[in-house]
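The values are calculated or read from the model by the stated rules, or taken from the named source; none is laboratory data. Note that the structure is predicted; figures quoted are calculated from it, not measured. Every residue, glycine among them, receives a Cβ derived from its backbone with ideal geometry; neighbour counts consider all protein chains shown. With ligands, DNA and RNA removed, areas are computed over all heavy atoms of the protein, side chains included. Shrake-Rupley method; radii C 1.70, N 1.55, O 1.52, S 1.80 Å.
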Amino acid sequence: MSHVAPRTSVETVLAGIWAEVLGLERVGVHDNFFELGGHSLLATQVISRIRTELRVDLPLRDIFERATIAQLVARIAGSMELAVHEGCRPLRARPRTERLLLSFAQQRLWFLDQWHPESTFYHITDAWRLRGPLETEALAHSFREIVARHEVLRTRFVAVAGDPQQVIDPLQPGTRPHPR
């Protein structure tokens, strides 16, 4: 297929993102991201750049399902139109009964963990030496308070039909939710 240059401002932005991420001089609107050398890690960079430059949040799977700029631009235009209709609403906590998608950073780490499940590269370990008498109940209380305050410490990731999702475990019995 012959090169078709970007025709709209959104296509031009996408072509620039793809060219930079893939290390190419030019990208046509019908060029396939993966045939140009793209892969899942580069796709996460593209999604991140789209979010930054076009202010549109797309799931990673959109790059896999719409591998050309021409296909992806329709999805982006729909998201941009939806954002205009909804306006800029303030962020609000989501009910925890809904499906919780991963952030872009979480998607990247989940992918790397699936690729190398035995790797401990992203583990952060630390050890402290305590001096003096240890008040175990005070220490346990401190840990319970920290876990109650920060949902991320109760969050795990599961795959549902191949897609990763967050699951936030409930507080342990006897632990009260932390006031926000």
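Residue by residue, here is whether (1) farther than 27 Å from Glu98 by Cα; (2) exposed (fewer than 10 other Cβ atoms within 10 Å of the Cβ) holds:
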residue: Leu134; (1), (2): yes, yes
residue: Ala140; (1), (2): yes, no
residue: Phe157; (1), (2): no, no
residue: Val160; (1), (2): no, yes
Point to revise | Of residues in the stretch 20-51 being more than 22 Å from the chain's Cα centre (by Cα) and closer than 17 Å to Gln71 by Cα, the one most open to solvent (accessible area, probe 1.4 Å) | key: Glu35
